[in-house]
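One structure is given here, and the rest of the page talks about it.
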Amino acid sequence: MDLGIVNIATTSTGYQAAGRALNRYRKRQLALRAKLQKKRTKSAKRRLKERSRREQRHVKNTNHIISKTATSRAAASSSRIRFRAASDRSLAGCRRSGVNSCSGSSRVQAQRMRACRLWWWW
């Protein structure tokens, strides 16, 4: 399974979960946030927090539906699932020693470590 931005998930069997609907949703939310931020009132700030939580829930649910569809298709065809990040450069510098780990302590190294844990083998 290849993970990306244009196509959120693409499997070797041909299933593609396009990110177009999610990107359109985010674009609409961006416009609504800009409108609220312009007001700069206490109520607008409260609404911005609500909108942020709502957007997070929507994205989380969408990702859940996509992953559930992909895993159920893999289970139906008795195949293994391997997740791969859109950019393999994010995994550069990682080594495997029992548990995925990365050397160094910089912010970039921490991002690589998270990428290893999230996208390597599930």
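Numbers at a glance
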| item | result |
| --- | --- |
| Partner lysines for K39 [C-alpha distance under 24 Å; skip if fewer than 8 residues away on the same chain] | K27, K49 |
| Label point distance in nm, S43-R80, each placed 7 Å from Cα along Cα→Cβ | 5.8 |
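A short reminder: the numbers here are calculations on the coordinates, not readings from a lab. Predicted, not measured: the structure shown is a model, and the values here were computed from it. Every residue, glycine as well, gets a Cβ built from its backbone with ideal geometry; the counts of neighbours run over all protein chains shown.
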